[in-house]
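**Q** One structure, pasted below without further comment.
Values in this text are rule-based calculations from the coordinates and carry no lab data. These numbers were taken from a predicted model, which means no experiment stands behind them. Note: ideal-geometry Cβ built from the backbone for every residue, glycine included; neighbour counts use all protein chains shown.
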C-alpha cells in the first residue's frame, strides 16, 4: 500500500525541518551529484557540525580551526559573544576553510533547509572556487595549511615557555600591526609544508643570523675598498614592499625566534591575501551555485515546495542590496554584486540582447558553464568587474560614481548608469576593489647602514590621500622590530608632503 | 566523498586562553571598573558579574591605512535623481566617506566603546586581588582536618586498584629469568650436543645417546615452560600515605557599633565594609572563624544574620565590645595557637571617659594577642576622643594596629584595599 502511494508521489529527501546525520549525508550526496553534473571540481569535503559557542570560537580565530594564542583573538571573541548574546547580530550560517579536505562548519541550530543551503554554498561553491581560482592556486597550498597552523601554534607556545608570554606578545603585536604589509604581491611564494618548515627552521635561524651579522659587520674595511663599498652599499638596492619580510631578513637586533614569529605572521597574511582580493567573486560564485544547485534539486523533485520557498527567502536576504540612502546601507554587498554578475553572464550566454552582443561578443551564445568556469578561474575582483560588469547590471543596480575632494564643499557626481558613463563607471568600481588603491603604498626606501642604522619608509600618496591617525602608532611597532629610528615620508606629486616619526623611547 | 563529523561534543571554550590574555592585558581598566562597581552596588548583589567598558582608543589595533583627505572616489548603488555633473553639498557631520574603506568591521562600530562581561568569579578575583591578611603565622596546628595523599614508593601488598603494572611485570620477568636460568643453560648444552650428533654421519651416530638427549630436552623444555608467567610474589602496588595538610588557624573579630548615634547611612557604610571583609575571608581563607560582635552600651556576640540585619540600638560604650572580645579570646582562641584579627567600625562617638578605658584594654590586653587590628571611623564630623586615643595606640604599635577614616561610600573599597594590601616581604615569607 504505502509503497504504491510513495511511488506516485515525488521522492522528497525530507519533509520536516529537522535535520539528522543521515539526512545531511543524503542531501550532500544529491547536491554533490548535481554539482558534478555541472562540472564543479572540488576538494573532498569535511562537514563538521558545531554548536553556536563553537561557532563563536571559530569566529575569534578568523575561522581557522586552530591558531596561536593572542589577546586580540580574545578581544574578537568577547566582541562576538557580546553582540550575539544581546541579539545585535546573528552568527554566520557557515564558515568554510580553504584547506584540503575543505572544512565547512554547520551550526546545529540551523534547520534542514539551511544545512542544505550551507552545503551547497560552502562545500560546493566556495570549495570549487578555492580549488579553481588562480590566486588561491598560486598563493595558498590547501593541503598544507592545517599542518602549518599546528606548527605555528606549537612554535609560539614554545617561545612563550622559553622567553615569556609578554615578550612574545610584544613581538606579535608589532607583527600584527604590519600584517597587511607582509605580503608578496608579485612574487610567487614557495608552497609551505609543515615538515619542511620544521626541518629547515633550525638551519634558517643560523643562516639568517649570519646574514644579518654580515650586513651589520663593523670590522673596519681596508681603505682601498672603502670608496667602492660606500657606493655599492645602497641598501636596500630596490624599495621593498613586503615590510615584514624585510624585517625578518634584515632587522639587526632581532633574535632568531623573533624572526620566526614574523615569518609565521607573514605566512598567515599571505594565506589570507587571495581572500581579500576575491570577496565579490568568491561569495558571488558560492551564491550563484547554491541558487543553481538548490533549484536543480527542486526541479528533480527532491525537495518540496515549502523547502524551496523557504530557501528563496533566505537567498533573497543574502543577496539583497540596499541603496545608498537606506539606513541599512553599508557599502556594496559582495554577495549581491557577485551573484548578479555570474547570473548575468549566464543570461548573456543564453539570452543575449543587442547591447550584450556589442559589449560582450566573446561570450554571447557560448555554453554558460564553460564561460563561468573561465571567469571563476582567471580573475580577481578588480579584473573580474572590469571584464564582465555589463551595462544592464549597472542599470539594475543604479550605480553612480562620485568624487570627493576634502577641500571642496561639494561632492561631484562623475558618472551614472547611462551610455556615456558605463565605461568610466566600471573602471571606478573596479578600482574600488583594487587592494593597492584601498591600502596605502608604503615601502622600505633606505637604510643608513654605515651610520645610525635609521630606516626610511616611503609612502607614495595616491590622489593626495594622507595616512590615517594610526600611522605613528604603527611606526612605533615598526621601530620595535627594527630596533633603530624609523621615519615615514609621505610623497605627493610635488615632493615630500609630510614626515612621521616616533619618539625614540617608547 | 564527504566526511560528516559531529564536533558538538568537543570543547567549546577554545578561546578561553585568548580571553585570559585579553583580561590580563586590560587588567588596569577592569580593576578600575571593578572598583567603581564595588562602590556603587548595593550590599546584596556585591558578588555578581560585571560589565566592563574599555574606550575604543585603548583597544584599537593600529594599522596603516588611508585617512580623511585628498580625493576619494566611490561608487554607490541606488541612484534616483542624480545625473552626471551634479554637485551635491556635503552633509555636515558625515565626511562623505572619502574612500572605499577596506575594513567594514572597523567602520561599523567605530566610535563605540568596547563592552564585555566578566563573570562573578572573575569579578571577585579582581576585587580581592593582591589582598592578604597581614602577619599570618603558622601557629600550633591543632585542628587538622585536611589530609593529602602523597605517593610513598612501591610495596608488595595492596589493593588491586593500586597495582603497579610496570613494576609487577618487571619483577615477573626477573623471576622467570632466575628460575629458568639453570634448565635453559642445560637445554642449550643438550641442543648443542644433539646438533653435534645430527651432524655426524648416520653410521657413526650413537642413536641411544640421541634418544636420551631428546628425552632430556623435552624434560627441560617442560620445566622452562612450567615457570609461572606471573606469580603473586611478583605483584607490586603503589603506596600512598596520608599527610596532614598544615593550615593556619585564624579568627576574625568583626566589631560594629550600632548605637543610636550611628545614622542609617553610617551603619550602611559599616555593613558594606564588613560584607567586603566577610566575602574576602570566605573566599580566600576557607578555614577561618569569624566572630561577630555588636555593641551599644553592652556588647553581644551574634550570628552573621543578626549582625547584618538586626535593628537593635542604644547608647555607646565601646569598651564593652573590647572586653567581650578579650573574653572570647581568652576562652576560645588562645593566641599561641590562633592568628587573631579584628576589624572595628564606629562613628567615633563614645562616653567621654570610656575612650581611655578602650585604649587601656587595647594596649594591655588585646594588641599583644592579635596579628592585626583595624579600626575604621565613619563620620563626616570631626574626630572625637576615641580617635585620639586610638591614634596613640597606633603610634605605639604601628605593625599591629591600623586606623582609617571613612566619610562616604566611595571611601570603603580604597580603605579596605589599603588595610589589607599584600605586603611584599610577607608574601615571600610564607
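**Q** When 1/r is averaged over all different Cα pairs and the result inverted, which Kirkwood radius in Å belongs to the protein assembly as shown?
**A** This gives a value of 35.7 Å.
**Q** Run the numbers on chain A and let me know its relative contact order in percent, using alpha-carbon pairs under 8 Å that are six or more apart.
**A** Over chain A, the number comes to 15 percent.
**Q** What Kirkwood radius, in Å to one decimal, follows from the Cα pairs of the stretch A:265-376?
**A** One decimal place: 16.1 Å for the Kirkwood radius.
**Q** Continuing with the same structure: Could you check what % of the DSSP bridge pairs in the protein assembly as shown are antiparallel, to the nearest 5?
**A** Numbers: 50 of 94 bridges.
Here the antiparallel bridges make up roughly 55 percent for the protein assembly as shown.
**Q** To the nearest 10 degrees, how steeply does helix A:256-277 sit against the main Cα axis of chain A, on a 0 to 90 scale?
**A** 40 degrees
**Q** Computed over the Cα atoms of the stretch B:272-430, what is the convex hull's projected area averaged over all directions, in nm²?
**A** Here the figure is 9.7 nm², rounded to one decimal.
**Q** Restricting the count to DSSP beta bridges whose residues both fall in chain B, what percent are antiparallel, rounded to a multiple of 5?
**A** 40 percent
**Q** For the stretch A:282-348, what is the convex hull (Cα atoms) projected area averaged across all directions, in square nanometres?
**A** 5.2 nm²
**Q** State, to one decimal in nm², a quarter of the convex hull surface area for the C-alpha atoms of chain A, i.e. the direction-averaged projected area.
**A** Hull-based average projected area comes out at 30.3 nm².
**Q** For Cα pairs less than 8 Å apart in space and 6+ apart in sequence, what is the mean separation divided by the residue count of chain B, i.e. the relative contact order in percent?
**A** 16 percent.
**Q** So, one more: Over the stretch B:199-294, how many percent of alpha carbon pairs lie in each 10 Å bin up to the one with the longest distance?
**A** Whole-percent P(r) values from 0 Å outward: 11, 18, 12, 8, 7, 6, 7, 7, 7, 8, 6, 3, 1.
**Q** Let me ask another. Report the full-extension gain for the segment residue A:295 to residue A:66: residue separation times 0.36 nm, less the Cα-Cα distance, to one decimal in nm.
**A** Using 0.36 nm per residue and subtracting the Cα-Cα distance, I get 78.9 nm.
**Q** Hey, another quick one. Rounding to the nearest 10 and keeping the result within 0 to 90°, find how far the Cα-based axis of helix A:334-350 lies from the longest principal axis of chain A.
**A** Taking the Cα atoms of chain A, the angle to A:334-350 is about 60 degrees.
**Q** Could you state the number of Å between the C-alpha centres of the stretch A:466-506 and the stretch B:268-334?
**A** Rounded to whole Å, the Cα centres lie 62 Å apart.
**Q** Treat chain B as a sphere of radius equal to its Kirkwood radius over Cα pairs and apply Stokes-Einstein at 25 °C in a medium of 0.890 mPa s; give the translational diffusion coefficient in µm²/s, rounded to a whole number.
**A** The estimated diffusion coefficient comes to 81 µm²/s.
**Q** For each of A:497, B:318, count neighbouring Cβ atoms within 10 Å of the residue's Cβ, then give the residues from fewest to most. Before the final figure, lay out each step's value.
**A** On the way: A:497 14, B:318 28.
In order of increasing Cβ crowding within 10 Å: A:497, B:318.
**Q** Provide Rg over Rh for the stretch A:318-387; use the alpha carbon set for both Rg and the Kirkwood Rh (inverse mean inverse pair distance).
**A** Over the Cα atoms of the stretch A:318-387, Rg/Rh equals 1.04.
**Q** Further, regarding this structure: Over the stretch B:160-239, what relative contact order in percent results from Cα pairs under 8 Å that are six or more residues apart?
**A** The normalised contact order for the stretch B:160-239 reaches 63 percent.
**Q** Within a 10 angstrom radius of each residue's Cβ in B:81-87, how many Cβ atoms of other chains show up on average? Whole number is fine.
**A** Mean inter-chain Cβ contacts per residue within 10 Å come to 6.
**Q** Can you tell me the Rg and the Dmax, both Å, for the Cα atoms in the stretch B:255-316?
**A** In Å, with Rg to one decimal and Dmax whole: 12.0, 36.
**Q** Whole Å is fine, so just give me how far the alpha carbon centre of the stretch A:92-165 lies from that of the stretch A:314-382.
**A** So the two Cα centres are separated by 26 Å.
**Q** For chain B, what does -39500 (n - 2.57) per DSSP helix run (n ≥ 4), summed and divided by total residues, give at 222 nm, in deg cm²/dmol to the nearest 500? Kindly include the intermediate steps, with their values, before the conclusion.
**A** On the way: 15 runs with 174 residues, N = 430.
That comes out to -12500 deg cm²/dmol.
**Q** How much of the DSSP bridge set in chain A is antiparallel, in percent, rounded to the nearest 5? Walk me through the numbers before you get to the answer.
**A** Numbers: 22 of 34 bridges.
Given both bridge residues lie in chain A, the antiparallel proportion sits at roughly 65 percent.
**Q** I've got another one for you. Counting partner chain Cβ atoms within 10 Å of every residue's Cβ in B:115-125, what's the average?
**A** The per-residue average across the peptide is 2.
**Q** Would you calculate, for chain A, the mean residue ellipticity at 222 nm contributed by helices, counting each DSSP H stretch of 4 or more residues as -39,500 (n - 2.57) and dividing by all residues, to the nearest 500?
**A** -16500 deg cm²/dmol
**Q** Take the Cα atoms of the stretch A:401-465, find their three principal axes, and give me the spread along each one in whole Å, biggest first.
**A** Computed over the Cα atoms, the extents are 59, 26, 13 Å.
**Q** How far is the Cα center of the stretch B:65-90 from the Cα center of the stretch A:274-291, in Å?
**A** So the separation of the two Cα centres works out to 26 Å.
**Q** Against the longest alpha carbon principal axis of chain B, how many degrees, from 0 to 90 and to the nearest 10, is the axis of helix B:181-199 turned?
**A** Taking Cα atoms only, the helix is inclined about 40 degrees.
**Q** Using only the alpha carbon atoms of the stretch B:160-239, find the Kirkwood hydrodynamic radius as the inverse mean reciprocal pair distance, in angstroms to one decimal.
**A** Taking every pair of different Cα atoms in the stretch B:160-239, averaging 1/r and inverting gives 14.9 Å.
**Q** Counting other beta carbons within 10 Å of each Cβ, put B:2, B:298 in order, fewest first.
**A** Ordered by Cβ neighbours within 10 Å, fewest first: B:298, B:2.
**Q** In what sequence do A:502, A:102 fall when counting other Cβ within 10 Å, fewest first?
**A** The most exposed by this proxy come first: A:502, A:102.
**Q** From other protein chains only, count the Cβ atoms within 10 Å of every residue's Cβ in A:73-85, then give the mean.
**A** Details: counts 7, 13, 11, 4, 8, 12, 6, 1, 4, 5, 2, 0, 1.
Partner Cβ neighbours, averaged per residue: 6.
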